[in-house]
Amino acid sequence: MNMNPEERETVCKCGQETEEQKYERLDQVIEIYKSKPGSLIQILHMAQGIFGHIPSELQEYIAGKLNMPVAKVHGVVSFYTHFSMVPKGEHTIQVCMGTACFVRGGKEILETLTDELGIGVGETTPDGKFTLEVTRCIGACGLAPAVTIDNVVYQMMDSNKIKQVLKNGEFGA
Amino acid sequence: MIETKMVKTAADLDSIRENFLEETRRYQYRVLVCSGGGCVSAGCHAVKNALLQAIEDNHLEDKVLVSETGCIGTCNLGPVMVVMPEEVFYTKLTPADIPAIVESHFAGGAVKEDNTYYDTALKKRVTHLKDIEYFKNQIKIALRNCGNIDYGSIEEYIASDGYKAAAKALNSMTPAQVVDEVTKSGLRGRGGAGFPTGVKWNAGLQAVSDEKYIVCNADEGDPGAFMDRSLIEGDPHTVIEGILIGAYAIGAERGFAYIRAEYPLAIERFNAALEQARDFGLLGEDILGSGFDFDIEVRIGAGAFVCGEETALMASIEGERGEPKQKPPFPFQKGLFQKPTIINNVETFANIAPIILKGSGWYASFGTEKSKGTKVFALAGDINNTGLVEVPIGMKLSDIVYKIGGGLPGGKEFKAAQIGGPSGGCITKENLDTPVDYDSLMKLGAIMGSGGLIVMDEDKCMVDVAKFFMEFVQDESCGKCTPCRLGTKRMLAILQKITDGEGTMEDIDELETLARDVTSSALCGLGQTAPNPILSTLRNFRNEYEMHIADKRCPTGKCKALACYTIDKAACKKCGLCAKNCPVSAISGDKDTPYSIDESKCIKCGACFGKCPFKAISR
């Protein structure tokens, strides 16, 4: 995901970085934002970018650095659907459930995916490959129904097409 | 191309404009490749690369200039491109189409007609933009640059009279005069509620404080709307200029743009545009030599629909849970960080520069008596031409759906249009001739909303649609106030019961009572309008609710628990198409025996219903 210029540095480098290096990067981010009031959400965006998810230890760490109660950090993390406290699969599939996609059959696509992957919404496959999510309108209503896999939009889907996409196994840009 | 330079006067803007036009005049053709959200996912970058390659192969680099633009508006035809100056419109392109187009059009001077726009209603190709019905009936003010200029070039924005309105406002108008001009234009908030922008700005101007803020609400959460996204992605500077003029009018030195995390491309392009504006001195200190300082910071949302509500949005900018607060105090009294704050929607800001430049009288000449100007709609759902359109307020819904939208696919009947998203309502066939303006829609129990316009055909079950919206608001309810938190949950449970075939007539009464209670007692706009889809479908399609309850039947077959497919033996011509298309082999019969459906095997997918050429299957 593209964010502020300094945030581009925070894309997940999973597997290439030690925990220590990740915390180092997070510290740099916090240093930039610490003095700006109301930056908690922006820091969390970047923390999720670096670590992939925001588990309780990380919430405690951020709270400590910002000198605020852990409860406040947790309150924010749990309020916004964008933040995840559990690790996500290698690929995140999001089925758009905006009105246009709903009208054009988004529900059937979601059913196909839950059947094919054997998981429910918000769950990750046991092999850690896919996380299935529902998203509320990605603004691709002209291309409904739409599905995104790792932020790449697959347009005008139907049950067969999405099965084919899964079968091809090549995702992302 | 052109050296970056600080802009200090209107004359500096003119020289940038001249330089830019001089540069582009050297080329015989200019190709505008649409890079709106739709075309990006349809693969426009591969098309653009193929185009650059073909131009190089044909040694046409000095003759053809290729640029990326924002959304042209025809999202289901992507990737598309427009060849200037003659405005030839190529659609549904693939990289493989490109070499032949380049050879024919740019080397040979002949339009490659096979790849141009096909009008499904007229059943013929229409090559030039100016002749296409979809575009002919639109008037573009907010979208004036969208699809016409390179979104990434501040020079081109300036060449299209960009920042001229800011220069005029900052250097020759007092803040009160700016507010007055906006008030006289009759511009109303385009985010949904339609509050007069000038009145809001005046409150901001009058507020006394050491610090004030201006905020751009780009948390476009209405499912089925992509106007703001397209505006930011296609013409970010127009939004920046609008915010800048607004900041000057109310006396704010800092601004925020709150953009939802689901729009990474919009965030990227807006940030890039902010950088350019700073480089040119159009943001920062002493802007345009006026002594006015101002800058904008982007804040990224984190996936909460309620943050589109202004008090929740401000809480979110402050890094808090995005929960709404009781009003008053209104944001113009005590807003962001407890300071007076003015919040406007993206499209509202996009209208500001033209109003200042061309005058309030010009703007007010569009629209109706009480609703001035134009409105951008995101046309989607069961409609041929899905995409982004801008029309004068007061245009008949039928004109939007049929003249611009090209009608419904598959020759299906129009059933309803949902306008205003989950806070809005539906307009039925009987009211197709309603002028689309704030007041007429209100009378029908719908709202203008932010501009999502979803068309639904005869196959849509309105109880299911109401359930969809209720699922949405229930899921997005922040939980702060009880009426919304519990009311939406209860209403959803009742709708679920009805669509499962277990409803009773009393459920309808209970729905209505609950809906009224939630409307009158919820804390914020999201909660207060949450019951609207139920009230609206109940008002217009009560018989469908009753059918679900009394007859245990869903006339469209959408509610699977109620669907029951049967084949009329007398009408069956024994062609066997239904059996061939049944995914679970639930249909049997042969050329001597009429086909029949084994209900124990039937999964109610409806495949047979759509395939029967003799309409012998009922549901």
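The values are calculated or read from the model by the stated rules, or taken from the named source; none is laboratory data. Note that the coordinates shown come from a computational prediction; the quantities given were computed from them, not determined experimentally. Neighbour counts are summed over all protein chains in view; Cβ atoms, including those assigned to glycine, are modelled from backbone coordinates with ideal geometry.
Just checking, does segment B:426-448 include any residue being among the polar types (S, T, N, Q) and within 14 Å of chain A (Cβ to nearest Cβ)? Looking for residues that are among the polar types (S, T, N, Q) and within 14 Å of chain A (Cβ to nearest Cβ), one finds none in segment B:426-448, hence no. Every listed requirement among (1) farther than 15 Å from B:Lys200 by Cβ; (2) of a type outside the set (Lys, Arg); (3) surrounded by fewer than 24 Cβ atoms within 10 Å (Cβ to Cβ); (4) touching a residue at least 12 places away in the same chain (Cβ under 8 Å) is met by B:Glu285 save one, (4).
Take the residues in segment B:258-305 that are over 22 Å from the mean Cα position of the chain (by Cα) and part of a loop (DSSP other than H, G, I, E, B); name whichever of them is nearest to the other protein chains (Cβ to nearest Cβ). Walk me through how you get there before you give the answer.
Pass one, segment B:258-305, residues over 22 Å from the mean Cα position of the chain (by Cα): B:272, B:274-297.
Among the residues that remain, those that are also part of a loop (DSSP other than H, G, I, E, B) are: B:280-283, B:288-291.
On the way: B:Phe280: 18, B:Gly281: 19, B:Leu282: 19, B:Leu283: 15, B:Leu288: 25, B:Gly289: 28, B:Ser290: 27, B:Gly291: 26 Å.
Among those that are over 22 Å from the mean Cα position of the chain (by Cα) and part of a loop (DSSP other than H, G, I, E, B), it is B:Leu283.
Pairs are defined by a Cβ separation below 8 Å, a sequence spacing of at least 6 or placement on different chains, a first member in segment B:92-116 that is not assigned by TED's automatic domain parsing to the domain that holds B:Asn49, and a second member that is buried (at least 16 other Cβ atoms within 10 Å of the Cβ) and of a type outside the set (Val, Ile, Thr); no pair meets this definition. Selection of segment A:1-30 for residues being within 14 Å of chain B (Cβ to nearest Cβ) and at pLDDT 90 or above yields A:Val29, A:Ile30. Quick check on segment B:478-496. Is at least one of its residues in contact with a His (Cβ under 8 Å, 6 or more places away or on another chain), in a loop (DSSP other than H, G, I, E, B) and surrounded by 21 or more Cβ atoms within 10 Å (Cβ to Cβ)? No, segment B:478-496 contains no residue that is in contact with a His (Cβ under 8 Å, 6 or more places away or on another chain), in a loop (DSSP other than H, G, I, E, B) and surrounded by 21 or more Cβ atoms within 10 Å (Cβ to Cβ). Among residues of segment B:336-370 being in contact with a Pro (Cβ under 9 Å, 6 or more places away or on another chain) and more than 14 Å from chain A (Cβ to nearest Cβ), the one that is nearest to B:Leu313 (Cα to Cα) is B:Ile343.
Any residue that is of a type in the set (Lys, Arg), part of a loop (DSSP other than H, G, I, E, B) and modelled with pLDDT of 95 or more - is there at least one of those in segment B:163-177?
Restricting attention to segment B:163-177, the residues satisfying the condition of being of a type in the set (Lys, Arg) are B:164, B:168.
Keeping just the survivors that are part of a loop (DSSP other than H, G, I, E, B) gives none.
Looking for residues that are of a type in the set (Lys, Arg), part of a loop (DSSP other than H, G, I, E, B) and modelled with pLDDT of 95 or more, one finds none in segment B:163-177, hence no.
Taken as a whole, the structure places A:Gly172 among residues that are touching an Asp or Glu at 6+ places or on another chain (Cβ under 9 Å), modelled with pLDDT under 90, surrounded by fewer than 18 Cβ atoms within 10 Å (Cβ to Cβ) and away from chain B (no Cβ under 12 Å).
For (1) within 27 Å of the chain's Cα centre (by Cα); (2) surrounded by fewer than 17 Cβ atoms within 10 Å (Cβ to Cβ); (3) part of a helix (DSSP H, G or I); (4) among the basic types (Lys, Arg), each residue gets a yes or a no:
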site: B:Asp507; (1), (2), (3), (4): no, no, yes, no
site: B:Leu511; (1), (2), (3), (4): no, no, yes, no
site: B:Arg516; (1), (2), (3), (4): no, yes, yes, yes
site: B:Thr519; (1), (2), (3), (4): yes, no, yes, no
site: B:Leu523; (1), (2), (3), (4): yes, no, no, no
site: B:Leu526; (1), (2), (3), (4): yes, no, yes, no
site: B:Ile534; (1), (2), (3), (4): yes, no, yes, no
site: B:Leu538; (1), (2), (3), (4): yes, no, yes, no
site: B:Phe541; (1), (2), (3), (4): yes, no, yes, no
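Look at B:Ala522 and say whether it is small (Gly, Ala, Ser) and within 27 Å of B:Pro331 (Cα to Cα). So B:Ala522 fits the description; yes. The condition of being surrounded by fewer than 21 Cβ atoms within 10 Å (Cβ to Cβ) and touching a strand residue (DSSP E or B) at 6+ places or on another chain (Cβ under 9 Å) holds for only one of B:Glu220, B:Glu211, that being B:Glu211. Note on segment B:597-617: residues that are out of contact with any helix residue (DSSP H, G or I) (no Cβ under 6 Å at 6 or more places or on another chain) and in a strand (DSSP E or B) amount to 1. Consider segment B:192-232 and keep the residues that are outside any loop (DSSP other than H, G, I, E, B) and more than 24 Å from the chain's Cα centre (by Cα). The one that is nearest to A:Met97 (Cα to Cα) is B:Tyr213. Of all the criteria given as (1) closer than 30 Å to B:Glu347 by Cβ; (2) more than 21 Å from the chain's Cα centre (by Cα); (3) part of a helix (DSSP H, G or I), the one not satisfied by B:Tyr134 is (2).
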